[in-house]
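The values are calculated or read from the model by the stated rules, or taken from the named source; none is laboratory data. Since the model is a prediction, treat every value here as computed from it, not as a measurement. No Cβ is skipped: glycine too gets one built from the backbone with ideal geometry, and neighbour counts run over all protein chains shown.
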Amino acid sequence: MEFLCLHRDRPGSATLRDELVQDHWSYMDRYATAMIARGPTLADDGDTATGSLHIVDLPDPAAARAFAFDEPNYQAGVYRDVLLRRWRNTLGRTMWDFPGGPAGGNRYLVVALGAEPAADLAVPPRPDRLIAYGPLLSDDGGTWLGTAMLVQAPDPDAARALLSPDRYAAVEVHPWQFGGRR
């Protein structure tokens, strides 16, 4: 089962985040074979971390909750909240398989929350710009809750434009970069 986990930073937690970076990476190393995508969300300056995204393939919702809430930054209070949802890997690949590679161009995380009927189940045009793409689902996988993607795009508006207009109650677009050990 695939899960999207978005930890959002608590204001004023940057120093603590920096102190825990090795603990965070060591924790994530334990999940290396399960990782579909990972990396920080960033402020508009492109440098300041605002959160941490992980898309992982885990056995069940209990394992996903343990992954999200046992994470060292979460345990230490770096994060203010967590979005944890089932997700389906529509592209069938990891971020490391993205043809555009880890650098170059603007990258965005788009999280769109909606209500039935489901929208954007098919891969949008220009899949060569998609790093990861898929629906957000209920824990049992039976209910569509929205769509999430990682995309290379000129700007946030272009990233958002890949999804159907007026189908979502809320859409977040975050600058994002490939994560992992440097």
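Structural remarks
- Any hit, region 143-151, residues being among the polar types (S, T, N, Q), in a strand (DSSP E or B) and surrounded by 14 or more Cβ atoms within 10 Å (Cβ to Cβ): yes
- Here T90 meets the list (1) touching a strand residue (DSSP E or B) at 6+ places or on another chain (Cβ under 8 Å); (2) touching a residue at least 60 places away in the same chain (Cβ under 8 Å) almost entirely, failing just condition (2).
- Residues being of a type in the set (D, E) and either in contact (Cβ under 8 Å) with a residue 24 or more places away in the chain or buried (at least 19 other Cβ atoms within 10 Å of the Cβ) (or both) - total across region 161-181: 1
- The residues of region 95-118 that are at pLDDT 95 or above and among the aliphatic types (A, V, I, L, M), listed by number, are M95, L109, V110, V111, A112, L113.
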